[in-house]
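The values are calculated or read from the model by the stated rules, or taken from the named source; none is laboratory data. Computed from a predicted model, the values in this text were never measured in an experiment. Counting neighbours? That spans all protein chains shown, and the Cβs are built from the backbone with ideal geometry, glycine included.
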Amino acid sequence: MPDCEICGQEKDNLMKAIVEGALFNVCEGCSKFGNVIVVKQPKKEERIIKRETTEIINIVNQNYPSLIKNAREKLGLKQQELALQLNEKESIIHKLETGSLQPTIVLAKKLEKVLKISLVELYQESHESINLKDDKLTIGDLLKLRK
């Protein structure tokens, strides 16, 4: 059974109080000598361990080399002419058409505008996450998420 730090009596229900600038565990009788600090216990909530989120992102079509080359040839443009219209180097156009360079989303949108084709697609990606603060989390839960 804890003791009051002021009077020394054994009491069951001690409280924290600031007396003369120091923090003490005191009984109800001695609490009048200082300011009682009320400590609220947080409610224990049932936490959701797994949460699935969906993210929609832009990706470049995997057939971009042939799409770019066919569209350029259909418009009767040379690589150099297309590069000038896009304000890019001719070597960039060559690398795009051979597939050795994947265009950024910005470059793909510029190509779409000039060549009048569709390169950027929407892709929906699902993620599963967990609350790591949950005290009932096991290693097995983490391994399931990796799959």
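Okay, residues lined up against (1) among the hydrophobic types (A, V, I, L, M, F, W, C); (2) within 27 Å of the chain's Cα centre (by Cα); (3) at pLDDT 80 or above; (4) within 30 Å of Ile139 (Cα to Cα):
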site: Cys4; (1), (2), (3), (4): yes, no, yes, no
site: Gly21; (1), (2), (3), (4): no, no, yes, no
site: Val36; (1), (2), (3), (4): yes, no, yes, no
site: Ile57; (1), (2), (3), (4): yes, yes, yes, no
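A Cβ distance below 8 Å, combined with a sequence gap of six or more or placement on separate chains, defines the contacts here; from the range 8-34, residues that are surrounded by fewer than 18 Cβ atoms within 10 Å (Cβ to Cβ) reach residues that are among the basic types (Lys, Arg) in the pairs Leu23/Lys16; Asn25/Lys16; Glu28/Lys11.
When the range 111-144 is limited to residues that are acidic (Asp, Glu) and either assigned to a loop (DSSP other than H, G, I, E, B) or closer than 17 Å to Ala83 by Cα (or both), the one that is modelled with the highest pLDDT turns out to be Glu112.
The residues of the range 8-18 that are within 21 Å of Val38 (Cβ to Cβ) and of a type outside the set (D, E, K, R), listed by number, are Asn13, Leu14, Met15, Ala17, Ile18.
Summed over the range 59-104, the residues that are among the hydrophobic types (A, V, I, L, M, F, W, C) and more than 35 Å from the chain's Cα centre (by Cα) give a count of 6.
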